């Protein structure tokens, strides 16, 4: 998550979504008309979020689309929507579809999420798939990950490249999250639900972190998470027992794709 490739991918996805959202909104405006205040907006002068970011954003990303032509088209044809892009807090929705919020790493590879509907154990199925491919997914490995609060960084049996791939948000510099959000903001015309994470928050750490975010052009953040609220419950691990072929593929958190109700 903290690699240059991850930042580049984040920028490319954000730019693609914003560009095509504007382009589609302009096409609709050409047919049905612009939003009422279009002529009084910056869009009428050819100022898109990208142009504004270019003049003011310290971490302006590389552009891959023809924004100047799009701005001229919008000046000519209008825009149906005054605002288009926001990144909302979607932790629960993401969990339902087996994903996570995506603008930040997993809070843990194994963790318990509590909602009004009850408690749910979230397991990083992509990590499990990678471990299975290498023959490393065993009851013993599962117990080690749970004992480590969902971290794999100190499990030497797991290759370094896999450990780097599955760093939790506690193991990634918050500067990385802030820089990625700042770069992405060139393509977000509303705001981002940006959580920040400090294992042991202090006034000094918080002041330094938020001042850095402000200097990078971050306008808003969401929650400040601390480590104590995210620990998963440790339980005794039972020895594995023999199971039938049918039981082996029964619905569980580790293989929901085998259950029609989970798909």
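The values are calculated or read from the model by the stated rules, or taken from the named source; none is laboratory data. Please read these numbers as outputs of a predicted model, since none were measured by experiment. Cβ placement follows ideal geometry from the backbone for every residue including glycine, while neighbour counts extend to all protein chains displayed.
Data table
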item	result
Residue within region 227-241 that is modelled with pLDDT of 90 or more and either buried (at least 19 other Cβ atoms within 10 Å of the Cβ) or not assigned by TED's automatic domain parsing to the domain that holds residue 121 (or both) present	no
Residue among 133, 144 that is in the same structural domain as residue 166 (by TED's automatic domain parsing), surrounded by fewer than 14 Cβ atoms within 10 Å (Cβ to Cβ) and without any contact (Cβ under 8 Å) to a residue 40 or more places away in the chain	133
So residue 106, is it assigned to a loop (DSSP other than H, G, I, E, B) and under 30 Å from residue 49 (Cα atoms)	yes
Tally, over region 160-191, of residues that are buried (at least 20 other Cβ atoms within 10 Å of the Cβ), under 13 Å from the mean Cα position of the chain (by Cα) and within 17 Å of residue 59 (Cβ to Cβ)	5
Residues of region 192-205 classified as surrounded by fewer than 23 Cβ atoms within 10 Å (Cβ to Cβ), assigned to a loop (DSSP other than H, G, I, E, B) and within 17 Å of the chain's Cα centre (by Cα), total	2
Counted residues, region 21-41 - those being surrounded by 13 or more Cβ atoms within 10 Å (Cβ to Cβ), free of Cβ contacts under 8 Å to residues at least 60 places away in the same chain and part of a helix (DSSP H, G or I)	9
Selection count, region 115-130, where residues are touching a residue at least 40 places away in the same chain (Cβ under 8 Å) and surrounded by 16 or more Cβ atoms within 10 Å (Cβ to Cβ)	4
Test: residue 189 is over 30 Å from residue 43 (Cα atoms), in a loop (DSSP other than H, G, I, E, B), in the same structural domain as residue 111 (by TED's automatic domain parsing) and modelled with pLDDT under 95	no
Region 1-20, residues that are within 15 Å of residue 180 (Cβ to Cβ) and buried (at least 16 other Cβ atoms within 10 Å of the Cβ)	1, 2, 7, 10, 11, 14, 15
The one condition in (1) out of contact with any helix residue (DSSP H, G or I) (no Cβ under 8 Å at 6 or more places or on another chain); (2) more than 22 Å from residue 7 (Cβ to Cβ); (3) in contact (Cβ under 8 Å) with a residue 60 or more places away in the chain that residue 89 fails to fulfil	(2)
Extreme residue, nearest to residue 2 (Cα to Cα), among residues of region 147-159 that are in contact (Cβ under 8 Å) with a residue 60 or more places away in the chain and surrounded by 15 or more Cβ atoms within 10 Å (Cβ to Cβ)	150
Qualifying positions in region 42-60 - surrounded by fewer than 15 Cβ atoms within 10 Å (Cβ to Cβ), in contact (Cβ under 8 Å) with a residue 40 or more places away in the chain and not in a loop (DSSP other than H, G, I, E, B)	54, 56
Condition check for residue 78: surrounded by fewer than 18 Cβ atoms within 10 Å (Cβ to Cβ) and more than 30 Å from residue 158 (Cβ to Cβ)	no
